[in-house]
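A quick write-up on the structure given underneath.
The values are calculated or read from the model by the stated rules, or taken from the named source; none is laboratory data. If you're wondering where the values come from, they're calculated on a predicted model, not measured in any experiment. Quick reminder, even Gly has a Cβ in these numbers, built from the backbone with ideal geometry, and neighbours come from all protein chains shown.
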Amino acid sequence: MTYRRMFQTFKEWFWLERFWLPPTIKWSDLEDHDGLVFVKPSHLYMTIPYAFGLLIIRHFFEKFIATPLAKTFGIKEEIRKKITPNTVLETFFKHSTRQPSHTDIYGLAKKCNLTERQVERWFRSRRNQEKPCRMKKFQEACWRFAFYLMITVAGIVFLYDPLLPSQYWYYILEMSFYWSLIFSLGSDVKRKDFLAHVIHHLAAISLMSFSWCANYIRSGTLVMIVHDVADIWLESAKMFSYAGWKQTCNTLFFIFSTIFFISRLIIFPFWILYCTLILPLHYLEPFFSYIFLNLQLLVLQVLHLYWCYFILKMLRRCIFMKGPCHSSGSFPSQNFFENTMREEEEPIPLHELSWKEFLHKENRKHPNYQQ
């Protein structure tokens, strides 16, 4: 009974009208009446089951659409050589380091009754198993490209629809998509900015949930469209990078950069932020949800400027230094172009090759060599 009372007290405090609504509006004003339908926070509960539905759709999309498309581009399934199971080496790999020193290798060789060369090869093969193959990275980029393309077109169409159902589905699909990205973080390609991915997805869900509950639907729709429209070109550039189409990749990156600058550095601050931050002050006194929403949008704009710096660095290298547009280790990989160069398996040093392996390696360089 005590927990129920505590929950009820928290619920009443959380939904206080002075937090969410202007002084002249009450929650009773937002109840359905006279044929008018208003948003309800309970609508957002459906985003979780829909997220699992998107994961199922993604599985079949990657299997029956992304994989054949990747093979059309010349991306092949990579068969990784299996390693001999070894509990001692596996434990050291997971809990100590993936790059053992010579002293570590010497001690592990003694403990496992192996030669030092065998231990070195085991760790090399184990590291290669951790590297994501190009096929998997292409599948992920293809899925995100397809979703962003679909949701952007839908968002633009829904802007002209004054009825709630279209806005409802737009919000629900966007939030479900970000929930599905969180649920699939464990199986997706591991990136260096894993924590940044989690924070970004949770922040996006928080912003969408808040704008929905506070009835800022039109503003929220515009913010989502402005962000999705550039990501289409980003994901398509990644796809062609994985396929090895460098020129096409660079062209798409230039298009992405142009759309990014227009949408996030011009339209977002001078139109959307102006409408949410400046115009309401002509009619209302500042209140909590107004301040909270605009603080989130201002933080978002700071991130846009931060990411813009990296885009300009990449464009500078691509134009003036004739380098690839897609290799920047420090560039955030969620909303911008990550390093998509081919990740080949870690090569075996020549001094560790047996004479048969050395001859095989040399013969492969011959133009008439047949395996």
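What do you reckon, is residue 154 small (Gly, Ala, Ser), outside any loop (DSSP other than H, G, I, E, B) and either within 24 Å of residue 295 (Cα to Cα) or touching a residue at least 60 places away in the same chain (Cβ under 8 Å) (or both)? Spelling it out, it is not the case that residue 154 is small (Gly, Ala, Ser), outside any loop (DSSP other than H, G, I, E, B) and either within 24 Å of residue 295 (Cα to Cα) or touching a residue at least 60 places away in the same chain (Cβ under 8 Å) (or both). The single condition among (1) under 28 Å from the mean Cα position of the chain (by Cα); (2) outside any helix (DSSP H, G or I); (3) exposed (fewer than 10 other Cβ atoms within 10 Å of the Cβ) that residue 81 does not meet is (1).
Would you confirm whether any residue within the range 113-127 is free of Cβ contacts under 8 Å to residues at least 12 places away in the same chain, assigned to a helix (DSSP H, G or I), over 15 Å from the mean Cα position of the chain (by Cα) and in the same structural domain as residue 244 (by TED's automatic domain parsing)? Taking every residue of the range 113-127 in turn, none turns out to be free of Cβ contacts under 8 Å to residues at least 12 places away in the same chain, assigned to a helix (DSSP H, G or I), over 15 Å from the mean Cα position of the chain (by Cα) and in the same structural domain as residue 244 (by TED's automatic domain parsing). Among residues of the range 63-80 that are touching a residue at least 60 places away in the same chain (Cβ under 8 Å) and farther than 27 Å from residue 125 by Cβ, those with a Cβ under 9 angstrom from a residue that is of a type in the set (Ser, Thr, Tyr) and surrounded by 13 or more Cβ atoms within 10 Å (Cβ to Cβ), sequence gap 6+ or separate chain, pair up as 73/242.
Filtering 176, 180, 187, 206 for residues that are farther than 27 Å from residue 69 by Cα and either in the same structural domain as residue 232 (by TED's automatic domain parsing) or small (Gly, Ala, Ser) (or both) leaves a single hit, 206. Remark: residue 106 falls outside the filter, which requires a residue to be closer than 30 Å to residue 256 by Cβ and modelled with pLDDT of 85 or more. Total residues in the range 267-299 satisfying the condition of being in a helix (DSSP H, G or I), among the aliphatic types (A, V, I, L, M) and touching a helix residue (DSSP H, G or I) at 6+ places or on another chain (Cβ under 8 Å): the figure is 7.
From the list 255, 199, which one is at pLDDT 90 or above, in the same structural domain as residue 299 (by TED's automatic domain parsing) and part of a helix (DSSP H, G or I)?
255
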